[in-house]
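**Student:** Pasting in a structure now, in structure tokens, and then I'll have a few things to ask.
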Amino acid sequence: MRSQAQRILEESEAQADDRGPAQQLQPGRGPHRPRAGTVSDFFAAGLVSAAVNQHYGSESAVQIEFAPLGKPTGLCSALAITAYQNEGLTLQPCSTPGTTVWIVDTADSPATAPLRFPIVNGSTTDFTHPFAMIIHGNPAHKRFPQIKVQRLRGNPDHVRISQLWGANILN
């Protein structure tokens, strides 16, 4: 039996085929709608621990809500449980503390910031080698490669390129 998230994704993909790439990537029209603030904002909302707030409080953080065709679902890109090595991202209720919050960790890669940065999960408890997003494979050559989390290595001077991310803001 298909889950609600699977049905929404399939409907979104079917409708996306009728739209051009530029229209698919417009804010609020793509598959995700971000929620943003500082880690301290997410702490105040009860979504990250005091330890995460103490370490990352002034850093930017986001929740990425799955919103096909701009329709909010209440599901965010997240981890199913507290971060562990090679755990894959899934859709989870956005109200889930820790695992649905992603920290833009420019402090752990100052040589590449602000253009490229690690993205650390809000449930991490190891601040020396936090769990950060990693992608294996090139999305241009492999359809839907699984994004996972692995311990951040090489910080602060030589973070692996597969753990560095960037953002393009569309106005």
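Laboratory data are not the source of any read-out in this text; all were calculated from the coordinates shown. Remember, predicted model here, so these are calculated numbers, not experimental data. Neighbour counts are summed over all protein chains in view; Cβ atoms, including those assigned to glycine, are modelled from backbone coordinates with ideal geometry.
**Student:** Which residues does the label zone of ALA51 cover in the range 60-101, counting backbone N under 19 Å from a point 7 Å along Cα→Cβ?
**Tutor:** Counting backbone N atoms under 19 Å from the label point, the list is 79-87, 97-101.
**Student:** What does the extension gain come out to for ASP157 and ALA113, with contour length at 0.36 nm per residue minus their alpha carbon separation?
**Tutor:** Length gained between ASP157 and ALA113: 14.7 nm.
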